[in-house]
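Visitor: To start, I am sharing the structure in question, which I have written as structure tokens.
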Amino acid sequence: QVQLVESGGGLVQPGGSLRLSCAASGNDFIIDTMGWFRQSPGQQRQLVATMTSGGTPNYADSVKGRFTISRDNAKNTVYLQMNSLKPEDTATYYCNALWMRASMPWSTLPSWGQGTQVTVSS
């Protein structure tokens, strides 16, 4: 199994910034794509941003120009820099990774973090 540990959530005022981090750990694994999803009460979980192992990013339209995803493959860590935060960004943010066992690279498996709360409020 691959475990994901998130950090960086908190309470911030509108227009403020936060940086989320997610580190993957385990044995005998290769990570393909890492990314972030978010979910508000009564809402479906939605994609925020993803990045492939090769560094190709993908963003939801609602966060383009404000959020930046990055990753350090050597540390198996993905980051989400969130700037110009809005109240509608309030949600639980979940880290996600698609990974393979090094011995079984044809089989892709998902892991999810426990979630970290981001609240944007004055």
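Visitor: Normalising by the residue count of the chain, find the relative contact order in percent from Cα pairs under 8 Å and 6+ residues apart. List each step's numbers first, then the result.
Guide: Values: 302 pairs, mean separation 43.9, N = 122.
That works out to 36 percent.
Visitor: Could you give the accessible area per residue of the chain, probe 1.4 Å, as a whole number in Å²?
Guide: Details: 6410 Å² over 122 residues.
Averaged over the residues of the chain, the accessible area is 53 Å².
Visitor: Follow-up. Could you tell me the calculated FRET efficiency between residue 88 and residue 56, based on Cβ-Cβ distance and R0 = 25 angstrom, to the nearest 0.05? Numbers along the way, then the final one.
Guide: Working: r = 26 Å, r/R0 = 1.06.
Between residue 88 and residue 56 the formula returns 0.40.
Visitor: Then there is this: On the protein heavy atoms, probe 1.4 angstrom, tell me the percent of accessible surface of region 50-122 carried by carbon and sulfur. Could you put the intermediate results ahead of the total?
Guide: Values: 1890 of 3740 Å².
Taking all protein chains in place, region 50-122 shows 50 percent carbon and sulfur surface.
Visitor: Sticking with this one: In whole Å and largest first, what semi-axes does the C-alpha gyration tensor of the chain yield when each eigenvalue is scaled by 5 and square-rooted?
Guide: Numbers: eigenvalues 138, 37, 31 Å².
Listed largest to smallest, the semi-axes of the chain are 26, 14, 12 Å.
Visitor: Could you tell me how far the Cα centroid of region 4-32 sits from the Cα centroid of region 68-96, in Å?
Guide: Result: 6 Å between the Cα centres.
The values are calculated or read from the model by the stated rules, or taken from the named source; none is laboratory data. From a predicted model like this one, the values you see are computed outputs, not experimental measurements. All Cβ positions, even for glycine, are placed from backbone atoms using ideal geometry, and neighbour counts span all protein chains on display. Quick note on the areas: whole protein, heavy atoms, side chains included, nothing else; ligands and nucleic acids left out. Shrake-Rupley method; radii C 1.70, N 1.55, O 1.52, S 1.80 Å.
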